[in-house]
Amino acid sequence: MQFPLFGAAFSQQTPHDAGPSDDLLPNMLYVVLKPTTELAKAVGSFSETATSRPPDLLHVTIQPIGSRNWITDVDIDAARRALSRLSHAPFLMLFDRIEGGNTMALRGGLQNCVAQCFRLAVLDALSGHFHHLPRYDLRPHMTLNYRGNSAGRLLDQPIAWMVDEFQLIESVHGETRHIEWGRWRLQDG
């Protein structure tokens, strides 16, 4: 892994081509984990989950890659090639509570430490092309609502799934949708 790996925050990254629409929020690229369709529907039925967002947008961010102000199609292709070579075993993701505050999110405390190991594998894969990635403090969570509306609660039964794939997505600002740039299976070896 090359250092320094982490560059400036999103807002400080320099676009390739400055233009008249630079004051608009750009699309962002992320490496994410998405729950199964069935699990996403179950989580979508929680009273804390925003009804304005489809369940297929629920995800856990592992690492932001950056803004489309400066991420080019060449960068996306390089990320896809790098991530396709990543090797990591499937792992369990478990959330046992909904935490409130400015947002409502599923969290699992210290129970998801293997996600940190997976993130290191992602960073290692991406470091060959991206010499600087946005700073990100991974505390695994799944945002249910970008507006906090309660204090949170412990779940009667934890939400858990075996993570056996990950995705590279572009979050389209203002359109409540993701563009999937790649999906890969996790496997030993």
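Brief remarks follow.
- Taking every Cα-Cα distance in region 70-168 and sorting them into 5 Å bins from zero, the calculated P(r) comes out as 2, 11, 18, 19, 16, 14, 11, 6, 2, 0 percent.
- Net lengthening on full extension, LEU25/TYR146 (0.36 nm per residue, minus Cα-Cα): 41.9 nm
- Considering only PRO90, SER52, VAL74, the residue lying farthest towards the positive end of the dipole of the chain is PRO90, judged by Cα position with unit charges set on Cβ.
- In a reduced charge model with +1 at each Lys and Arg Cβ and -1 at each Asp and Glu Cβ, region 91-171 shows a dipole moment near 320 debye about its Cα centre.
- As computed over region 119-189, the Cα convex hull volume per residue (Å³): 167 Å³
- Here the alpha carbons of the chain define both size measures, Rg and Dmax, at 16.7, 51 Å.
- Listing ASP124, ASP137, ASP188 from fewest to most neighbouring C-beta atoms within 10 Å gives ASP137, ASP188, ASP124.
- Cβ charges +1 (Lys, Arg) and -1 (Asp, Glu), total dipole of the chain, debye: 320 debye
- Model label points for GLN157 and ARG97, set 7 angstrom from Cα along the Cα-to-Cβ axis, are 2.2 nm apart.
- Least to most buried among LYS41, LYS34 (fewest other Cβ within 10 Å first): LYS41, LYS34
- Selection of trypsin sites (Lys or Arg not before Pro), region 48-150, meeting DSSP coil and at most 10 other Cβ within 10 Å: ARG85, ARG147
- Label-to-label distance, ILE179 versus TRP70, with points set 7 angstrom from Cα along the beta-carbon direction: 1.9 nm.
- In a DSSP loop and with at most 15 other Cβ atoms within 10 Å, the chymotrypsin sites (Phe, Trp or Tyr not before Pro) in region 92-189 are TYR146.
- Exposure proxy order (Cβ contacts within 10 Å, fewest to most) of LEU144, LEU86: LEU86, LEU144
Bear in mind that the values in this text are calculations on the coordinates, not laboratory data. Just so it is clear, the structure is predicted and the values come from calculations on it, not from any experiment. Positions of Cβ are generated from backbone atoms using ideal geometry, with glycine treated the same way; all protein chains shown enter the neighbour counts.
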